[in-house]
1. Tally up the residues in region 343-382 that are open to solvent by 20 Å² or more (accessible area, probe 1.4 Å) and in contact with a Pro (Cβ under 7 Å, 6 or more places away or on another chain), please.
2. If you take the residues in region 403-427 that are of a type in the set (A, V, I, L, M, F, W, C) and under 20 Å from the mean Cα position of the chain (by Cα), which one is nearest to residue 250 (Cα to Cα)?
3. With the requirement that a residue be of a type outside the set (Asp, Glu), out of contact with any Cys (no Cβ under 8 Å at 6 or more places or on another chain), closer than 24 Å to residue 229 by Cβ and crowded, with 24+ Cβ neighbours inside 10 Å, what does region 50-78 give you?
4. Going through region 450-477 one residue at a time, which ones are among the polar types (S, T, N, Q) and part of a loop (DSSP other than H, G, I, E, B)?
5. Answer yes or no: is there a residue in region 101-115 that is assigned to a helix (DSSP H, G or I) and of a type in the set (Asp, Glu).
6. Given 35, 61, which one is at negative phi and under 17 Å from the mean Cα position of the chain (by Cα)?
7. Which of the residues spanning region 119-137 are open to solvent by 10 Å² or more (accessible area, probe 1.4 Å) and either touching a residue at least 40 places away in the same chain (Cβ under 8 Å) or outside any helix (DSSP H, G or I) (or both)?
8. Within region 319-338, is there a residue that is modelled with pLDDT of 85 or more, surrounded by fewer than 18 Cβ atoms within 10 Å (Cβ to Cβ) and outside any helix (DSSP H, G or I)?
Amino acid sequence: MLSFIICLAILICGYFTYGKFVENTFGPDDRETPAVTINDGVDYVVMPQWKLFLVQLLNIAGLGPIFGALTGAEWGPIVFLWITFGTIFAGAVHDYFSGMLSERNNGESISEVTGKYLGGLMKNIMRVFAVILLIMVGTVFAVGPAGLLKTLFANNGVAEGSLLVNAAFWLAIILIYYFIATFVPIDKIIGRFYPVFGICLIIMAVGVGVGMFTHGYTVPELWQHFANEHPNGTPVWSFMFITVACGAISGFHSTQSPLMARCLKSEKQGHFVFYGAMVAEGIIALIWAAAGCAVLGGAALVEMKGGNATTVYDICTKTMGGVGIILAMLGVIACPITSGDTAFRSARYTVADWFKIDQDKMGNRLALCIPILGIGAILGFGNTFGFIDYNIIWRYFSWTNQTLAMIVLWSASMYLYIEKRNYWITVVPATFMSAVSVTYFMMAPECLGLIETFKNNTTIAYPAGIIVAILFLALFIRATKKHETA
């Protein structure tokens, strides 16, 4: 328990110390923000800081800090270190710069921002990459809560033949909501109702954390279990770093930050909204990882196939019971739904920025919403009826997610270099995530691990990851030299 409390304290202190250092490095000023200068009443709308924080938290949270953290607990308490230090030195830095660089560039989507600092070729790659990722995320965050709702009603005595225990029914309802939330102005649904969901999410996390201790569960100490405790021996590097994405660092967040970058009244709100929301997500992930270790343990989690509706329901039952179960499940359901809709909304932003389509006209928004949500529906129902494997979608999302984080950090590094500021605060995590992404790609079963020679082959993957990371660092240094002589 002590190691859990120490990690929690480090996360909170990190917000006030390193978070302030990151803010000072960027240097927010008193210039007018896009929400003030553009203000179209649809996507560019000034909102109060507390609401910006809660919306950002819900946008980035999704299933990641819950399902990902529970799956990460399969490796044992060592996952606490990645959640804690990954959040402070990588994830929150990534989120802050993705939001503030978007804000400095009229609220543009992350693909446009990346292209400005890494060139036209990367811009086009990122446009395609981001749209595919966002549709995958939106699909995952539609299928996931549909399954959770089915489980909630099935485990509370609703008859098998009822629509309430039919995942396809809930998926249809969620997709209809997604369409509406993607189409209407951001302050009509997202800005109005998300604070309520945010309260549920926070109460849910507190409930699980308190219930874990009041019901006599013991969180194993990190220093007594400082080893890879995965029952199948799955390597920590880099499977754990990819699995626990949203609870430490997630490229998906960079697609969400521009939503709030278009709603900031002042640049000085960025520390609380972007860095602060990621720290809050890290705390949520830490609580769920601790619950996974204390309530179930690695062997049980592997047997239950990691973080999913079943494990969440089981932990909620054992830590809170009764009303707490419903409250916690609603929090877990709201979490992915409030990320899924903004994933599709971000996809609309990205395509609109790409093709310069004015979004204050309803017809233009409708022309983008229909095909984007249509693809999501095909993927979602394909999974529900057994044509597409949800787990495969999630695995590809995990790798593309962290690769996107790597690219965004390199973009922020170039920005800081151009502005003659301390670029090492982004170069170090960018290099680290480059190694993580390449190592995972080399041996993961959905990537090169499809070939038996590469599957879990650390002898090949580890050196490859290190070499490519060094190569990317060298390319960055070379780019800075070329910029000096230009």
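1. The total comes to 0.
2. Residue satisfying both the conditions and the ranking: 405.
3. The answer is 67, 69, 70, 71, 72, 75.
4. Within region 450-477, 453, 456, 457 qualify.
5. Yes, region 101-115 has at least one match.
6. Just a single option satisfies the conditions, and that option is 61.
7. Scanning region 119-137 gives 119, 122, 127, 129, 131, 132, 135, 136.
8. There is no residue in region 319-338 that is modelled with pLDDT of 85 or more, surrounded by fewer than 18 Cβ atoms within 10 Å (Cβ to Cβ) and outside any helix (DSSP H, G or I).
The values are calculated or read from the model by the stated rules, or taken from the named source; none is laboratory data. If you're wondering where the values come from, they're calculated on a predicted model, not measured in any experiment. Cβ coordinates were reconstructed from backbone atoms using ideal geometry, including for glycine residues, and neighbour counts include every protein chain displayed. Each accessible area value is taken on the protein alone, full model and side chains, heavy atoms only, with ligands, DNA and RNA left out. Shrake-Rupley method; radii C 1.70, N 1.55, O 1.52, S 1.80 Å.
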